[in-house]
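Input: a single structure, listed below in structure tokens.
Bear in mind these aren't lab numbers, they're just calculated from the coordinates by the rules spelled out. Please read these numbers as outputs of a predicted model, since none were measured by experiment. Don't worry about glycine lacking a Cβ; one is built from the backbone with ideal geometry, like all the others, and counts go over all protein chains shown.
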Amino acid sequence: MNAVEEAHEAMRERLNTAYNGRWRVWRSRDDKGRPAAWVATNIGVPGAAPTLHETTPERLEAQMKNPPRGFAGPLTEVPPEP
């Protein structure tokens, strides 16, 4: 792992620690397997968008602090027919 990758990994770990229980931060990959967008999956922020995407960790963190509203409610289990 080079210095840039190490810095990105440290940032990802910092964000996951800071937003533990609310967002899970990860990196998407491009078609060649290289890190691409910064992504946060909503795991505990009611009413917020389910997934955030940004080009930098700083922009992603700004969205996590003030996330856009989600458009739909959470998925619910469909009960089996009697």
Projected label distance in nm at VAL39 and ARG14, using a 7 Å step from Cα toward the beta-carbon
2.3
Inter-label distance for THR51 and VAL78, nm, one decimal - labels placed 7 Å from Cα along Cα-to-Cβ
2.2
Can you classify the chain as rounded, prolate or oblate using the Cα gyration tensor, where a ≥ b ≥ c are the square roots of its eigenvalues, rounded means a/c under 1.5, and otherwise it's prolate if a/b beats b/c and oblate if not?
prolate
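Going by a ≥ b ≥ c, the root eigenvalues of the Cα gyration tensor, does region 1-44 fall in the rounded group (a/c under 1.5), the prolate group (a/b larger than b/c) or the oblate group?
It comes out oblate by the Cα gyration axes.
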Full-extension gain in nm, MET1 to ALA62, via 0.36 nm per residue minus C-alpha separation:
19.3 nm
Go ahead and estimate [θ] at 222 nm for the chain from helices alone: -39,500 (n - 2.57) per DSSP H run with n ≥ 4, summed, over the residue count, rounded to 500.
-9500 deg cm²/dmol
Nearest-ten-degree value, helix 3-18 long axis tilted from longest Cα axis of the chain
30
